[in-house]
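The values are calculated or read from the model by the stated rules, or taken from the named source; none is laboratory data. Please read these numbers as outputs of a predicted model, since none were measured by experiment. Cβ: placed from backbone, ideal geometry, glycine included. Neighbour counts: every protein chain shown.
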Amino acid sequence: MSDVYIVGIDMIRFGRYPEKTVPGLAAEAALLALDDAGLTIRDMQALFCGNLGQASGMVGQRMLSEIGQTGIPVTNVANACATGATAFRDAWMTIKAGVYDTVLAVGVEQMGKGLLGGGGGVSPEGLVGSYTMPAMFAHIGMEHSKRYGTTFAQFAQVSVKNHHHSTLNPKPMDRVETPLEEVMGAEMIAWPLTKLMCSVNVDGSAAAVLMSEKKVRERGLMDRAVRIRASEMSSNPFEDRQMAMPDFSGATRVAAANAYEQAGIGPEDVNLVELHDCFATAELVHYENLGLCAFGDAGKLIDDGTTALGGRVPVNVSGGLLSKGHPLGATGIANIYEVSTHLRGKAGERQVEGARIGLTHVVGGGPGMGTACAIHVLEKV
């Protein structure tokens with residue numbers, strides 16, 4: 001089977017665009033990615049479009065009505081926070097299978113204001129605790145603290161790190177420094193998560209052009225290509241605790257193990273990571289789920305600067321969801337954009353020097369629904 005490459009990728013700056021439409025936002029990112037590849041919509045053989053809020057609204061077809069209706073097949077995708085990464089992976093699979101040579105993947109969401117939530121009230125099945133996302137990830141943090149002694153300050157330092165990274169990146173919605181005292185002193189949402197430790201709802205879009213190795217060489221695009229070394233997805237393996245809250249860790253561990261095996265590498269080979277920091281507690285927990293450290297050692301990584309820019313394995317150098325915001329359908333491809341930018345050596349003052357292999361991770365779901373996780377391993381050519 002042919003290797004698959006990214007030859008064009010981009011994203012809009014995440015923010016709030018109430019005057020724009022979802023297809024319009026998608027079209028902006030699609031045109032940016034096509035321009036990055038030096039191609040047009042006429043060169044695309046298929047489109048995979050990820051969107052959650054208008055999942056039944058044929059967003060992909062409506063986007064094409066703005067940039068060119070060429071008659072290509074369109075698949076609209078919805079898969080919780082993994083929506084954009086799922087669209088990307090579907091595009092990858094069709095090229096890997098030899099069905100197409102050149103495919104466009106787009107992720108888009110328009111969410112407005114507020115914090116990422118998960119509904120309200122109590123589940124009819126009698127879920128323990130709150131039904132909201134901040135409370136669920138607060139619970140995850142409290143469990144980690146109880147088991148390993150992780151402190152409030154260590155969780156808060158994740159936000160300090162990611163907000164600092166955001167000041168080096170033009171794409172996030174928020175680009176501000178937040179000192180530790182400010183993060184810890186912000187409005188408490190759900191202990192140990194303050195407002196500055198939660199991602200916010202924003203609008204955004206990202207897109208990528210994927211191509212087979214044969215076509216990349218035919219078009220002379222290898223000098224800008226990024227190899228997709230692994231693409232994996234998982235759902236949650238059964239655990240008793242799922243009766244009380246969704247299991248984001250189990251799905252991540254499954255996808256990570258499979259991705260490392262597919263790529264033929266281990267976590268020690270990864271030079272940078274963009275992971276799903278929807279809340280500060282999530283980032284620390286996923287250090288362990290992705291194998292970046294032993295279980296119980298996540299707090300040490302944030303204390304010694306391992307995951308900051310200049311550390312051994314920088315994490316969320318984009319600023320992460322804590323700074324960019326989290327437009328559900330766009331996040332997966334936006335993470336891939338960030339890692340690809342570093343592998344191309346085009347990340348400017350936030351560049352991870354010598355980066356050759358990067359990993360992206362998204363995971364989402366909710367009570368009574370299960371979880372979806374997607375992990376991609378990318379390699380500099």
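Looking at Leu292, is it touching a residue at least 24 places away in the same chain (Cβ under 8 Å), touching a Cys at 6+ places or on another chain (Cβ under 9 Å), not in a strand (DSSP E or B) and not β-branched (Val, Ile, Thr)? If you could, list the steps in order and put the result at the bottom.
Values: touching a residue at least 24 places away in the same chain (Cβ under 8 Å): yes; touching a Cys at 6+ places or on another chain (Cβ under 9 Å): no; not in a strand (DSSP E or B): yes; not β-branched (Val, Ile, Thr): yes.
Taking the combined requirement at face value, the residue does not satisfy it.
Within the stretch 67-99, which residues are among the hydroxyl-bearing types (Ser, Thr, Tyr) and crowded, with 19+ Cβ neighbours inside 10 Å?
Of everything in the stretch 67-99, those that are among the hydroxyl-bearing types (Ser, Thr, Tyr) and crowded, with 19+ Cβ neighbours inside 10 Å turn out to be Thr83, Thr86, Thr94.
Somewhere in the stretch 60-69, is a residue assigned to a strand (DSSP E or B), over 17 Å from the mean Cα position of the chain (by Cα) and more than 16 Å from Ile9 (Cβ to Cβ)?
no
Only one of Ala46, Ala78, Ala55, Ala87 is among the aliphatic types (A, V, I, L, M) and in contact with a Leu (Cβ under 6 Å, 6 or more places away or on another chain); which?
Details: Ala46 fails: in contact with a Leu (Cβ under 6 Å, 6 or more places away or on another chain); Ala55 fails: in contact with a Leu (Cβ under 6 Å, 6 or more places away or on another chain); Ala87 fails: in contact with a Leu (Cβ under 6 Å, 6 or more places away or on another chain).
Answer to the selection: Ala78.
Taking the stretch 182-204 as the region of interest, how many residues are in contact with a Lys or Arg (Cβ under 7 Å, 6 or more places away or on another chain) and either surrounded by fewer than 18 Cβ atoms within 10 Å (Cβ to Cβ) or more than 14 Å from Met136 (Cα to Cα) (or both)?
Final tally of qualifying residues: 5.
If you take the residues in the stretch 101-136 that are part of a loop (DSSP other than H, G, I, E, B) and among the β-branched types (Val, Ile, Thr), which one is modelled with the highest pLDDT?
Thr132
Among (1) among the small types (Gly, Ala, Ser); (2) within 17 Å of the chain's Cα centre (by Cα); (3) not in a loop (DSSP other than H, G, I, E, B), there is one condition Gly299 misses while meeting the rest; what is its number?
All conditions pass for Gly299, except number (2).
So is Asp304 under 30 Å from Ala37 (Cα atoms), in the same structural domain as Val362 (by TED's automatic domain parsing) and either touching a helix residue (DSSP H, G or I) at 6+ places or on another chain (Cβ under 9 Å) or free of Cβ contacts under 8 Å to residues at least 60 places away in the same chain (or both) or not?
No; evaluated as a whole, the condition is false for this residue.
Taking the stretch 332-370, which residues are without any contact (Cβ under 8 Å) to a residue 40 or more places away in the chain and touching a His at 6+ places or on another chain (Cβ under 8 Å)?
Gln351, the sole residue that qualifies.
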